[in-house]
Amino acid sequence: MKDVVTYLNFDGNCREAMEFYQQCFGAELYLLSFSEVPGDLPKEAKEAPDRIMHATLRKGSPFLMAADIMPGGVVQQGNNFSVMIHCESPQEIERLFTALGESGKVTMALQETFWAGRFGTLTDKFGINWIFNLEKPNQSEPRP
């Protein structure tokens, strides 16, 4: 594994929260709003262009990532964070996704995205949310 990062979910106030954390930690902040995302987005995302699709806070390496949920979703204690694993190989991401997904619920099957060679999400059998990411070759900024 390259690293493990906490991923936070917000309901429209991701920018405000991450700018606050940026000041607290004296860190560098990267923000990507829905309006800046390449390609086609769900209708809900188009209706909220200022919401943040992805944010990264880094001091050297990324240590906190976040996003706003789609409008209409619900953020509550327990579903407002995930553990994100940045994997080093296709074999590793497949192995970890399969192992942690056993008796759990896949919420997004592993697939290629505009930011990742492989990306997927699941909730394990203990109710913990996991995000798996494998960068595309020659990609310097891990997203999400």
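The values are calculated or read from the model by the stated rules, or taken from the named source; none is laboratory data. Bear in mind the structure is a predicted one, so any value in this text is a computation, not a measurement. For neighbour counting, all protein chains shown are included, and Cβ atoms are generated from backbone atoms with ideal geometry for every residue, glycine included. Accessible surface is based on the protein model in full, side chains and every heavy atom, while ligands, DNA and RNA are left aside. Shrake-Rupley method; radii C 1.70, N 1.55, O 1.52, S 1.80 Å.
Summary table below
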quantity: Sequence-separation-based contact order of the chain, relative, with Cα cut under 8 Å and 6+ spacing, percent; calculated: 25 percent
quantity: Relative contact order [Cα under 8 Å, 6+ residues apart], the range 44-94, whole percent; calculated: 25 percent
quantity: Gaussian network model of the chain, springs between alpha carbon atoms under 10 Å - residue of Gly12, Gly73, Gly39 with greatest fluctuation; calculated: Gly39
quantity: Neighbour count of at most 15 Cβ within 10 Å plus DSSP loop: longest GluC sites (Glu not before Pro)-free window in the chain; calculated: 1-46
quantity: Placed amide H near Leu64: partners under 5 Å, 5+ positions off or other chain; calculated: Leu57
quantity: Using a Förster distance of 30 Å, the FRET efficiency for Tyr30-Asp124 (Cβ separation, nearest 0.05); calculated: 0.60
quantity: Heavy atoms of Asp3: accessible area, 1.4 Å probe, square angstrom to 10; calculated: 40 Å²
quantity: Built amide H within the under 5 Å cut-off of Glu135, gap 5+; calculated: Cys87, Gly117
quantity: Cβ-Cβ FRET estimate between Gln111 and Asp11, R0 fixed at 30 Å, reported to 0.05; calculated: 0.75
quantity: Gain in span if fully extended, Val75 to Glu19, counting 0.36 nm per residue against the direct Cα distance; calculated: 18.2 nm
quantity: Under-26-angstrom lysine pairs by C-alpha in the chain, whenever the two are 8 or more apart or on separate chains; calculated: 9
quantity: Hz values of 3J(HN,Hα) by residue in the range 83-100 - Karplus curve (6.51, -1.76, 1.60), Gly and Pro given as x; calculated: 9, 9, 10, 8, 8, 9, 8, x, 5, 5, 5, 5, 5, 5, 4, 5, 5, 6
quantity: Amide H partners (placed H, <5 Å) of Gly12, local residues excluded; calculated: Ile69
